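Asker: Next up is a structure, given as structure tokens.
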Amino acid sequence: MTQTLAAATMAAYRRAAGCIAVITLTNPPVNTLSYLLRESFYETFRRANADAEVKAIVICGADGKFCGGADIKEFAGKFSGPSLVALIDDVEQSKKPVVAAIEGMALGGGLELALGCHYRIAHTKAQVGFPEVTLGLLPAAGGSQRLPRLITLTSALELITTGRRISAPEALKLGIVDKVTDKNALDMAIDFARDIIGKPLESRRLSLRTTPCPPDVESFLDEALASIRKHSRGAIAPLACLQAVRASVYSTFDEGLKKEQELFKMLLTSGQARALQYSFFAQRATKKWSMPSGATWKNTSARPLRKAAVIGLGTMGRGITVALIKAGIPVIAVEMGLKQLEAGKTVIMSMLEKEFKKKQLTKAYREMAAFTLDLAKLQEVDLVVEAVFENMSLKKQIFQQLSSLCSADAILCTNTSTLDIDEIASVTTTPHLVVGMHFFAPAHVMKLLEVIYGPRTSPTAVATAMQLAQQMEKVGVVVGNCNGFVGNRMFKLYAEQAYFLLEEGAIPEQVDQVLEDFGFPMGIFKVSDLSGLDIEWKIRQEQGLTGPKQIPGGSFRHRAGGRYSPLLDILCERGYLGQKTGQGWYLYEKPGGRVPTFNLWLHKFLEEYRELHGIQKHYVGQDEILERCLYPLINMGFHILEERIAASPEDIDIIYVFGYSWPRHWGGPMFYASMVGLPRVLDKLNYYHEIHPDIPTLEPSSLLKKLVANGSPPIGTWGAFIKEHNSKL
Ligand SMILES: CCCCCCCCCCCCC[C@H](O)CC(=O)SCCNC(=O)CCNC(=O)[C@H](O)C(C)(C)COP(=O)(O)OP(=O)(O)OC[C@H]1O[C@@H](n2cnc3c(N)ncnc32)[C@H](O)[C@@H]1OP(=O)(O)O
């Protein structure tokens, strides 16, 4: 294995046009600058430099990909082998012109290597960027020092602090690359290299330049700092990136490099970098799905999708239609009444128009939507996404119809956030082709898609849904069937604790502030106001939870076997539904207003409510808010792993990062638990459960207890414990 890898990984050397040395970075799949590649590059570059017949050098990447940067996996170990900083310095100092031929991508260390070259030629479709900040790092092979010396400070700062990847044409405009071609970039680079033999190189060595600055650079940098602080949601890497760029302004190149290294070391050892790198690999791991039956992404093929249908053109159906069309799949959009059909059509066409402008899609995209009331048209499609209200009997009625109308091998998907997939499948003649697809609103924007299999769902249906997720540029995560699946089942506990905290003495502002300080873009009460309190109210109604009379054996504050907070129901009954009515947990300037302000009525009401129900108010501190909101959610994550509803902690974490705005620099709830320490999570759950025995969800899960009893193993090894745990169930 090592031998095969070693053979595949190298900086291959060849000669072109007589006097040009071509060095091809070869390390599949994305030519990362791993230890082996750096070693090989060091030798090969020396050879090219030493060969008197070689007059210029071209560096390219194998398989149409220049370089994906440093090998992220190496960041977890010791650094050894030739340093990338020194290799790039060798390239820049070379007396022979060095040209980078960029195809595919030049990212991170890959772009740093290209910046060390004297010229850069890129293919039109290539992408360049410094994504290090998204991994909790900064460009640390001279990138933070060379880029600001090459382009404007504003652009360099933006690219380095956000990690935004740009196309070759944009890179040309900014001055990062010298030429762009839609032909073969390597051929062009070889020709170009031949033409510049013997020309002076001094001005092409970026380390010799000074950073061009705007007139009032100090206030420019201060403003940049304030803006980063405001938007980074507690992430430290963007601030370190700014400090490094700042050094490029005020220090010599060598001093700047030293600063860059210092900051890199600080970041590399931070929990945030670990979390972000974990998240990078976790996202890719979700593609490698598996089902308890043994079916996996490897042994299952997806069906080709030529045409799809969407049933129900409400908010979700509209977004799903647009997402499908953006993915290049023609859609038959179906409604039951003419009025709804026309309304849906108008909005969808205008959404497509916007997408068309934004993404410069071709006109054909707008012609890919057909609108009909005629269900017979469903015969033509390979896949249907039903997106009607979250109501079981309505969904069953539709699936019964689908069963007789669609072709026998059509994949039947239901867009649901909570309902039982198997019950829906039970009314069809093809339950193996029924699969859940939980889209997040707005469906054409949000990246997450929970793909839910029921006990009878076939691996083919899952594979097809996952392929569709990829086609729509979404992150698909395969999960099992249970109420709320993974995301909402956990979220319910987060929300529930927030309501309990209000009952016990907290106020919405306080809870939201703690959650926003943690890194959520919005606290739970602001989110609730934004989406509308009635969404949760309807779910509660569906579950028969609202109104004390409906609860046999229950009381006002105790339902379904545990403590229940009716606060949300009371607000809804009074018509306080959030932003849309101008009042919810906060007050808004008008119905539809967006700026939350202090809701005096709610505060008075909470006081009266506590008095009425004899609730002893207590001081709720920041730690309690965070622990009470997050730990029960995490605890439910352990239950979900135990039950094999999620195949791995990585899957849960990706659902939370992409669907619920969990701050990426905290990895996701399960990774966060491992960072905080499982014993601490367990102790705190025990502590709160002891104080609140009427909240059963505070009782620690047996998997959590087991992991702690086994010395809290690293998250990557939990799988073994879960397997063992399940085999003893
Ligand atoms: C403690 C004191 C130490 C002091 C030492 C000081 C030394 C300083 C030296 C530091 C030098 C730093 C250099 C540099 O600044 C840092 C970096 O370069 S960080 C890396 C930057 N690059 C990226 O972030 C790119 C990440 N990759 C991608 O965005 C995409 O993978 C892609 C390249 C656009 C390709 O996309 P796709 O085609 O869709 O393919 P996948 O994403 O599915 O990837 C395929 C496969 O490859 C794996 N992979 C991709 N990139 C990397 C990588 N950079 N490192 C490792 N592995 C990578 C990916 O995981 C997939 O693997 P699979 O799932 O198939 O197993």
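The values are calculated or read from the model by the stated rules, or taken from the named source; none is laboratory data. Everything numeric here is computed off the predicted structure, so don't read it as measured data. No Cβ is skipped: glycine too gets one built from the backbone with ideal geometry, and neighbour counts run over all protein chains shown. Just the protein is used for accessible areas: all its heavy atoms, side chains included, with ligands, DNA and RNA removed. Shrake-Rupley method; radii C 1.70, N 1.55, O 1.52, S 1.80 Å.
Asker: Output the residues belonging to segment 291-308 that are crowded, with 18+ Cβ neighbours inside 10 Å and outside any loop (DSSP other than H, G, I, E, B).
Answerer: 308
Asker: Taking only segment 328-347 into account, find how many residues are free of Cβ contacts under 8 Å to residues at least 60 places away in the same chain and open to solvent by less than 60 Å² (accessible area, probe 1.4 Å).
Answerer: 11
Asker: If you go through segment 6-39, how many residues are more than 16 Å from the ligand (Cβ to nearest atom) and part of a strand (DSSP E or B)?
Answerer: 12
Asker: Inspect segment 522-534 for any residue being in contact (Cβ under 8 Å) with a residue 12 or more places away in the chain, surrounded by fewer than 16 Cβ atoms within 10 Å (Cβ to Cβ) and under 26 Å from residue 618 (Cα atoms) and give the result as yes or no.
Answerer: yes
Asker: Considering only residues that are away from the ligand (no atom under 16 Å from the Cβ) and not charged (D, E, K, R), which ones fall in segment 40-66?
Answerer: 40, 44, 45, 48, 49, 50, 52, 54, 56, 57, 58, listed by residue number.
Asker: For residue 652, which of the numbered conditions (1) assigned to a helix (DSSP H, G or I); (2) at pLDDT below 95 fails to hold?
Answerer: (2)
Asker: Ok, one more. Taking the options 138, 107, name whichever one is aliphatic (A, V, I, L, M), open to solvent by 10 Å² or more (accessible area, probe 1.4 Å) and under 23 Å from residue 35 (Cβ atoms).
Answerer: Unique residue meeting the criteria: 107.
Asker: Further, regarding this structure: Just to check your reading of the model, which residue among 678, 685 is closer than 26 Å to residue 563 by Cα and in contact with a Ser or Thr (Cβ under 6 Å, 6 or more places away or on another chain)?
Answerer: 678 is the lone residue from the list that is closer than 26 Å to residue 563 by Cα and in contact with a Ser or Thr (Cβ under 6 Å, 6 or more places away or on another chain).
Asker: Scan segment 176-211 residue by residue and report those that are in a loop (DSSP other than H, G, I, E, B) and open to solvent by 30 Å² or more (accessible area, probe 1.4 Å).
Answerer: Those that are in a loop (DSSP other than H, G, I, E, B) and open to solvent by 30 Å² or more (accessible area, probe 1.4 Å): 178, 182, 183, 184, 197, 198, 199, 200, 209, 210.
Asker: Out of the residues in segment 379-408 that are acidic (Asp, Glu) and in contact with a strand residue (DSSP E or B) (Cβ under 8 Å, 6 or more places away or on another chain), which is least open to solvent (accessible area, probe 1.4 Å)?
Answerer: 386
Asker: Also: Of the conditions (1) open to solvent by 40 Å² or more (accessible area, probe 1.4 Å); (2) in the same structural domain as residue 452 (by TED's automatic domain parsing), residue 325 satisfies every one except a single condition; which number is it?
Answerer: (1)
Asker: Report, ordered by the first and then the second residue, all pairs with beta carbons closer than 6 Å, sequence separation of six or more or different chains, a first member in segment 309-321 that is open to solvent by 30 Å² or more (accessible area, probe 1.4 Å), and a second member that is of a type in the set (Val, Ile, Thr).
Answerer: 318/347; 318/348
Asker: Mind checking which residues of segment 158-167 are surrounded by fewer than 24 Cβ atoms within 10 Å (Cβ to Cβ) and more than 11 Å from the ligand (Cβ to nearest atom)?
Answerer: Those that are surrounded by fewer than 24 Cβ atoms within 10 Å (Cβ to Cβ) and more than 11 Å from the ligand (Cβ to nearest atom): 158, 162, 164, 166, 167.
Asker: Pick from 714, 696: which is open to solvent by 20 Å² or more (accessible area, probe 1.4 Å) and over 30 Å from residue 530 (Cα atoms)?
Answerer: That would be 714, the only listed residue that is open to solvent by 20 Å² or more (accessible area, probe 1.4 Å) and over 30 Å from residue 530 (Cα atoms).
Asker: Tell me which residues, restricted to segment 57-75, are open to solvent by 10 Å² or more (accessible area, probe 1.4 Å) and either on the phi > 0 side of the Ramachandran plot or of a type in the set (D, E, K, R) (or both).
Answerer: If the condition is that a residue be open to solvent by 10 Å² or more (accessible area, probe 1.4 Å) and either on the phi > 0 side of the Ramachandran plot or of a type in the set (D, E, K, R) (or both), then 63, 64, 65, 71, 73, 74 are the ones that fit.
Asker: Take the conditions within 18 Å of residue 485 (Cα to Cα), crowded, with 18+ Cβ neighbours inside 10 Å and touching a residue at least 24 places away in the same chain (Cβ under 8 Å) and apply them to residue 369. Does it pass?
Answerer: no
Asker: Okay, next question. Restricting attention to segment 214-224, does a residue exist that is surrounded by 13 or more Cβ atoms within 10 Å (Cβ to Cβ), within 12 Å of the ligand (Cβ to nearest atom) and of a type in the set (Phe, Trp, Tyr)?
Answerer: no
Asker: Regarding segment 599-609, can at least one residue be identified that is under 18 Å from residue 528 (Cα atoms), modelled with pLDDT of 95 or more and in a loop (DSSP other than H, G, I, E, B)?
Answerer: Among the residues of segment 599-609, at least one is under 18 Å from residue 528 (Cα atoms), modelled with pLDDT of 95 or more and in a loop (DSSP other than H, G, I, E, B), which makes the answer yes.
Asker: OK, next. For segment 618-642, which positions are in a loop (DSSP other than H, G, I, E, B) and out of contact with any Leu (no Cβ under 9 Å at 6 or more places or on another chain)?
Answerer: 618, 619, 621
Asker: Against the definition (small (Gly, Ala, Ser) and either without any contact (Cβ under 8 Å) to a residue 12 or more places away in the chain or open to solvent by less than 10 Å² (accessible area, probe 1.4 Å) (or both)), how does residue 18 come out, yes or no?
Answerer: Taking the combined requirement at face value, the residue does not satisfy it.
Asker: Okay, moving on. From the list 447, 474, which one is open to solvent by 40 Å² or more (accessible area, probe 1.4 Å) and either under 23 Å from the mean Cα position of the chain (by Cα) or not aliphatic (A, V, I, L, M) (or both)?
Answerer: Only one candidate passes the filter, namely 447.
Asker: Just need a number here: residues in segment 252-286 that are under 20 Å from residue 220 (Cβ atoms) and surrounded by fewer than 17 Cβ atoms within 10 Å (Cβ to Cβ).
Answerer: 0
Asker: Provide a single number: the residues in segment 556-579 that are outside any loop (DSSP other than H, G, I, E, B) and in contact with a Leu (Cβ under 9 Å, 6 or more places away or on another chain).
Answerer: Total satisfying the criteria: 8.
Asker: Then there is this: For segment 67-154, give me every one of the strands (runs of 3 or more DSSP E) that falls completely inside it and has 2 or more residues that are near the ligand (Cβ under 9 Å from one of its atoms) and at pLDDT 95 or above.
Answerer: Ranges flagged: 105-107, 127-129.
Asker: Still on this structure, I have one more. Restricting attention to segment 420-433, which residues are crowded, with 17+ Cβ neighbours inside 10 Å, without any contact (Cβ under 8 Å) to a residue 60 or more places away in the chain and not in a helix (DSSP H, G or I)?
Answerer: 427, 428, 430
Asker: Still on this structure, please answer the following. Give me the pairs, please: first residue somewhere in segment 66-77 and within 14 Å of residue 273 (Cβ to Cβ), second residue anywhere and more than 8 Å from the ligand (Cβ to nearest atom) and open to solvent by less than 50 Å² (accessible area, probe 1.4 Å), beta-carbon distance under 6 Å, and either six or more positions apart or on two chains.
Answerer: Cβ pairs passing all conditions: 72/277.
Asker: Residues in segment 256-265 that are more than 9 Å from the ligand (Cβ to nearest atom) and either touching a residue at least 60 places away in the same chain (Cβ under 8 Å) or under 26 Å from residue 650 (Cα atoms) (or both): how many?
Answerer: Of the residues in segment 256-265, 3 are more than 9 Å from the ligand (Cβ to nearest atom) and either touching a residue at least 60 places away in the same chain (Cβ under 8 Å) or under 26 Å from residue 650 (Cα atoms) (or both).
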